1. Return the only residue of Ala355, Ala394, Ala335 being within 15 Å of the ligand (Cβ to nearest atom) and of a type in the set (A, V, I, L, M, F, W, C).
2. Across segment 128-159, which residue is farthest from the ligand (Cβ to nearest atom) among those that are β-branched (Val, Ile, Thr) and buried (at least 20 other Cβ atoms within 10 Å of the Cβ)?
3. So which residues in segment 353-408 are outside any loop (DSSP other than H, G, I, E, B), hydroxyl-bearing (Ser, Thr, Tyr) and over 22 Å from Asn123 (Cβ atoms)?
4. Sort through Tyr181, Tyr209 and tell me the only one that's within 23 Å of Arg134 (Cα to Cα), at pLDDT 85 or above and touching a Pro at 6+ places or on another chain (Cβ under 7 Å).
5. Within segment 352-383, track down each residue that is surrounded by 22 or more Cβ atoms within 10 Å (Cβ to Cβ) and under 17 Å from Lys139 (Cα atoms).
6. Pick out the one residue from Leu266, Leu291 that is free of Cβ contacts under 8 Å to residues at least 12 places away in the same chain, out of contact with any Leu (no Cβ under 6 Å at 6 or more places or on another chain) and assigned by TED's automatic domain parsing to the domain that holds Ser178.
7. Restricting to segment 106-147, count the residues that are touching a helix residue (DSSP H, G or I) at 6+ places or on another chain (Cβ under 9 Å) and either in a helix (DSSP H, G or I) or modelled with pLDDT of 95 or more (or both).
Amino acid sequence: MAKGALAALLFMLVFMNYAPIEACIRRLIPDWRWWRIAPTFLFLFVNLSLLQRIFIRRPEADANAIRITLGIGAVFLVLTVFNAGVGIYPLIQPARTGKPSLATSHLSEQDSLAMKANGKRPNFYFFIFDEYARQDVLKKYAQYDNTPFLRSLQSKKFNVSFSSHSTASTTRASIGNSLYYSIQFRLESETMAGIKFPPLLRVFKKAGYLTYILSPIYRFDGSLTDFMMQSAAVLSSLSIEKTVLEKSFIAYLQAVGNEAIRTDRLSLLEQAVAIMGKPQKDPKFLFFHILIPHEPFVFDENGGAVAYENMNNWINAKYYTGQLRFLSAKIGELASMILRSDPDAVVLMQSDHGARAFGGMNEEERRASFNCLYLRGQDMNIEGLSTINTLRLAMNHALGLKLKMLED
Ligand SMILES: [Zn+2]
C-alpha cells in the first residue's frame, strides 16, 4: 500500500507544480518542449517503482515508506495552502493610505516654483512597452529591420532616437527611475520597499492633472491615482483557483493562459485609446506600463495565437519579433490617433530596457531601448538621450519645469 501511495503522491507533486519544475528544466535545456514531460516522467516513475520493489520488502521498510509519504504529503499540503494564501492576500489587503514618506522630499521647492501657471497644460501620455528593443539590437540578434516602422513614426511628427538606452536592465529598477524621473535605482533589490508616492505622479497631480494609471509591478497610494486601469489577467491570476492550478500541468493542456493574456493585453490597449479619446476639463496624465512585447509571446505579427510551447521561446527570434511587430502596428494606430484628435498632446513612448534574453548579449545591448517623443508636433532632437532624460525633457516642455539633463 505504501508503495502505491508514495508513487501517487510524487505524481501529484509533479502534476501540480509542473510550471516551476519546467522553469528549472528550461534553465538547463533552453529548447525544452512540454510534450517531453510525459516520456521523461514515465521513465522516472517506472524507475521509482523498480527501486521500491527492491528496497521496500520488509514490513518495517513499508512503515518507513509510509512515513516518507506522510512527510512529503505534509510539505505538499503546506505548499498548496501557501499558494492559496498568496492568492488571497492581495484581495483582502485594504487600499492603505498613509503619509508620504521619503519620496516626498524628492520634489524640491525649486521644481514646484519653476512650474508655470500658463493656461491649460497639454495632455501627457507616457507609454512604457516592456522589453521593446532598439532597432540595431533587433537587427543583430533577430535579423529584423524595424527602421521602416520608426520612419513611419517620424512621418507622424514623432521625434525618434536611434541610440537611446534605459537606466537599468531590470524592470523594477528602470520603472522605479521613471517614477522618480531620476536615477534612484541600479539594482532590483533596491526597489523592494515599493514606491507608494512616486514623485512623477505627485508633480502631475500638483500641476492639476487627472492621473490614469496602468502599473503591473508597483502599487501607488490612492490619493495620487484618479483612475486605475484594471488588468483582467492579473485579477484572475490572484484568485485561489488560479494560483493553485496555474502552476500545474492543467494549464499546459488547456491553452487558457494564452487566451487570457491575449484578451488582457488587447483590452488594456483599448482602454488607453478610450482614455485618450475622452474629453476632460482637466489635463490628463496617462502612465501606461504594459508587459508587451515582453514574454509570454501570445501574438504573432498578425495578432494570431502562438503555440503554448513557444510562449517563452527566445531561441527562435520570430516569436519575440512577431509580438513586437503586432504591438508596433498598435503603436502606429495610437500615433495616428494623436495626430487626428489630440495634436497638442505630449506623447512619450519608450521601453524600460531592451530585449534581454538573446544569447550572447552584453549589458549595454540589454539596455538599448525604443524611445520616441511627440511634442505637440514640434521637432526636437532626442538622439542618444537616455529614457530618463527624454522623460525630463518632456516634463520640462509640458510643465514648464527646468530639470537638468542627468549624467549616467
Ligand atoms: Zn521590463
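1. One residue alone meets the criteria, Ala355.
2. Selected residue: Val137.
3. Hit for segment 353-408 is Ser369, nothing else.
4. Testing whether each residue is within 23 Å of Arg134 (Cα to Cα), at pLDDT 85 or above and touching a Pro at 6+ places or on another chain (Cβ under 7 Å) leaves just Tyr181.
5. Residues satisfying the conditions are His353, Gly354, Ala355, Arg366, Arg367, Ala368, Ser369, Phe370, Asn371.
6. Leu266
7. Summing the residues that are touching a helix residue (DSSP H, G or I) at 6+ places or on another chain (Cβ under 9 Å) and either in a helix (DSSP H, G or I) or modelled with pLDDT of 95 or more (or both) in segment 106-147 gives 29.
This table checks each residue for (1) of a type in the set (Gly, Ala, Ser); (2) buried (at least 21 other Cβ atoms within 10 Å of the Cβ); (3) modelled with pLDDT of 95 or more.
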site: Thr263; (1), (2), (3): no, no, no
site: Phe288; (1), (2), (3): no, yes, yes
site: Tyr320; (1), (2), (3): no, yes, yes
site: Ser328; (1), (2), (3): yes, yes, yes
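The values are calculated or read from the model by the stated rules, or taken from the named source; none is laboratory data. These numbers come from a predicted model, not from an experiment. Cβ coordinates were reconstructed from backbone atoms using ideal geometry, including for glycine residues, and neighbour counts include every protein chain displayed.
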